[in-house]
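Here is the structure we will look at, set down as structure tokens.
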Ligand code: IPD
């Protein structure tokens, strides 16, 4: 089995550098542009941090490939081949970043032969560095992480997001999903505004489940392996195998909780990330500047 530890260590180094740029920019005035919806934002810092990460990684690993949120917004295709591929969200939680709501993350996953080898999520304001390597366990600031193991959905804290899709079908589906879960009941429903950090809560055991429809592969590729390596379960929202391109995910403390959520929630249609006409879905396509 190939050892990708050198890439992981380099990824950890560049994630810390990226986090410093995010932290110094969060208090500054920002120019904000809209992408696919009024809640899908991009700033100069998202673009600068993505370039910083890709330039540094390319310089060290010239043959590696990239899927980056802002490169895709600028027109690049999403293509996960067998080649070593870095999947990057320079700022997960851009709405939070714009408003200085203190949950923003740099998310970096690395896949080979379409299998994720490691994931890094740096929650910048909290100074929490999550990472996991396939078969090596999951860690938060160097300390091992363990999912809660909870099997009873009615005792769960469930994290989710309304997401960036704002058409009627997406909104009614997402709100009715929250209603269905609350009615079960579950102990609570939470949302931090960053899919990557939301999902890492399942790895810490602080939450028992997370589900989301309409996010993208760069939002959740890194946190998916962090949850799995912490002993959690990651599936599609219909209970089938997790597919990072499908734009649907459940992360849970146990298979029983993942199944329970899959039975309760409904999905709205989303075009896959690797579909050529790739931008969403129910809303507009492409970048629409201010
Ligand atoms: C968004 C965040 C948000 C989620 C959206 C994502 P971005 O990512 O993860 O929590 O609800 O679906 O698009 O745009 O801030 O990188």
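For region 178-221, a residue qualifies if it is part of a loop (DSSP other than H, G, I, E, B) and within 16 Å of the ligand (Cβ to nearest atom), and the qualifying residues are 191, 192, 193, 194, 207, 214, 215, 216. Looking only at region 150-177, residues that are touching a strand residue (DSSP E or B) at 6+ places or on another chain (Cβ under 6 Å) and either assigned to a strand (DSSP E or B) or at pLDDT below 95 (or both) come to 3 in all. Can you go through 8, 52 and tell me which one is out of contact with any helix residue (DSSP H, G or I) (no Cβ under 8 Å at 6 or more places or on another chain), surrounded by 15 or more Cβ atoms within 10 Å (Cβ to Cβ) and not in a strand (DSSP E or B)? Checking each option against the conditions leaves just 8. Take residue 232 and tell me if it is within 14 Å of the ligand (Cβ to nearest atom) and buried (at least 24 other Cβ atoms within 10 Å of the Cβ). In short, no. Of all residues in region 55-86, which are crowded, with 17+ Cβ neighbours inside 10 Å and farther than 21 Å from residue 7 by Cβ? Passing the criteria: 70, 72, 73. In a residue-by-residue description of region 142-154, the property of being closer than 27 Å to residue 80 by Cβ and either more than 16 Å from the ligand (Cβ to nearest atom) or touching a residue at least 24 places away in the same chain (Cβ under 8 Å) (or both) applies to at least one position.
Of all the residues in region 46-73, those that are touching a strand residue (DSSP E or B) at 6+ places or on another chain (Cβ under 9 Å) and over 15 Å from residue 107 (Cβ atoms) number 8. Look through region 79-99, keep the residues that are in contact (Cβ under 8 Å) with a residue 60 or more places away in the chain and away from the ligand (no atom under 14 Å from the Cβ), and return whichever of them is nearest to residue 44 (Cα to Cα). Checked region 79-99; the qualifying residue nearest to residue 44 (Cα to Cα) is 86.
The values are calculated or read from the model by the stated rules, or taken from the named source; none is laboratory data. All figures in this text were calculated on a predicted structure; none of them were measured in a lab. Cβ coordinates were reconstructed from backbone atoms using ideal geometry, including for glycine residues, and neighbour counts include every protein chain displayed.
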